[in-house]
Amino acid sequence: MRIQSFLKQMALVALALFFAISCSRSTPNVDSSPEASTSSSFKVAMVTIGPKDNNSWAQSCFEGLNLIKDKFNAQVDFTDNIDGEHSEAAIRKYAQSGYDLVIAASGGYIKAAEKVAKEFPRTKFALVTTYPGNNTNLGAVAFRSGEVGYLTGALAAMKSKSNKVGYIVGAPYPVYKEEEALFRRGVKATNSSVQASTAFLNTWSDTDKATKVATDMVASGVDVLAINADEAGLAALKAVTQKPGVLVIGWGKDQYELAPGKVLTSVLEDIPNLVLSCSASKTHIA
């Protein structure tokens, strides 16, 4: 009976993970008329924090830009590997060049996007992160990441044998602070005996730092680790899954093939279609 109860719990968590990700964004009111599909005057640019081939966040955002290109026959441009410090110049460059929509695909670009949006009130800007928008020309699209944090925490607590679990994320953006807090809550709500260790790396690309943080957690007894840190996180995932008895929860894409049998599951976020929703007339999702 205990086994059946456990399997039932696992099934419910899996379903909840699926629905939280697939239903967490509103459906954009995108014009699919022939005029929209044949127009070539719509110019869209994107700035991301990582490379477009990183098998994680930036690549998924780039795929979303290509969906906009295909759906609207839009003119698109893409600049990758831009950190928060240099994002203002990159965003401004596109606004000055007459792009209709500039997508700033990182929670680290909020201040830069706010500043440039004020300077170019006739240009539309969209952040890909949790953000309320300015009700004029700057909006945002985002997943309900807090719900995902809670569910991954619950799943980690269910599967841990050492009663120690961990969560690692690239940066302390507001969306990920919420995710981290609800990861802890999900752990405690599932099994109050399980200890949760969490870490903000302050980097999405430093593979050595991510690997050290993850391996240190494992050395402390963590046996289930959720990792949301782009290419830095991928390196950490590969490192800790070499350790016996360690399971990981991947993020963004299905990462099972990176460590077959060691990736417990992955948080699947439909980032390309989330980015596509930026092209709707209203770019804010509540």
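The values are calculated or read from the model by the stated rules, or taken from the named source; none is laboratory data. The structure presented is a predicted model; accordingly, all values stated were derived computationally and were not measured. Using ideal geometry, Cβ is built from the backbone for each residue, glycine included, and neighbour counts are taken over all protein chains shown. Areas reflect the complete protein model, heavy atoms only, side chains present, ligands, DNA and RNA absent. Shrake-Rupley method; radii C 1.70, N 1.55, O 1.52, S 1.80 Å.
Of all residues in the stretch 100-126, those being buried (at least 24 other Cβ atoms within 10 Å of the Cβ) and in contact with an Asp or Glu (Cβ under 8 Å, 6 or more places away or on another chain) number 2.
Quick check, is ALA156 more than 13 Å from the chain's Cα centre (by Cα) and at pLDDT 95 or above?
yes
For the stretch 236-265, what are the residues that are over 20 Å from the mean Cα position of the chain (by Cα) and closer than 16 Å to MET158 by Cβ? Passing the criteria: GLY245, VAL246, LEU247. Of the helices (runs of 4 or more DSSP H) lying entirely inside the stretch 176-286, those containing at least 2 residues that are over 27 Å from GLY139 (Cβ atoms) and open to solvent by 30 Å² or more (accessible area, probe 1.4 Å) span 207-219, 230-240.
Taking TYR99 as the residue in question, decide whether it is within 16 Å of ASN137 (Cα to Cα) and assigned to a helix (DSSP H, G or I). Even if it seems obvious, please write down each step before you answer.
Details: within 16 Å of ASN137 (Cα to Cα): yes; assigned to a helix (DSSP H, G or I): no.
Against the criterion (within 16 Å of ASN137 (Cα to Cα) and assigned to a helix (DSSP H, G or I)), TYR99 does not qualify.
Among the residues of the stretch 66-93, those identified as in contact with a Leu (Cβ under 9 Å, 6 or more places away or on another chain) and in a helix (DSSP H, G or I) are LEU67, ILE68, LYS71. On the stretch given as the stretch 162-175, residues that are surrounded by fewer than 17 Cβ atoms within 10 Å (Cβ to Cβ) and closer than 18 Å to ASP216 by Cα total 2.
Does SER87 meet the test of being modelled with pLDDT under 90 and either of a type in the set (S, T, N, Q) or in contact with a Gly (Cβ under 9 Å, 6 or more places away or on another chain) (or both)? Please lay out each step first, then the result.
Numbers: modelled with pLDDT under 90: no; either of a type in the set (S, T, N, Q) or in contact with a Gly (Cβ under 9 Å, 6 or more places away or on another chain) (or both): yes.
It is false that SER87 is modelled with pLDDT under 90 and either of a type in the set (S, T, N, Q) or in contact with a Gly (Cβ under 9 Å, 6 or more places away or on another chain) (or both).
So which of THR152, THR136, THR130 is among the β-branched types (Val, Ile, Thr), touching a residue at least 40 places away in the same chain (Cβ under 8 Å) and either open to solvent by 10 Å² or more (accessible area, probe 1.4 Å) or not in a helix (DSSP H, G or I) (or both)?
Working: THR152 fails: either open to solvent by 10 Å² or more (accessible area, probe 1.4 Å) or not in a helix (DSSP H, G or I) (or both); THR136 fails: touching a residue at least 40 places away in the same chain (Cβ under 8 Å).
Unique residue meeting the criteria: THR130.
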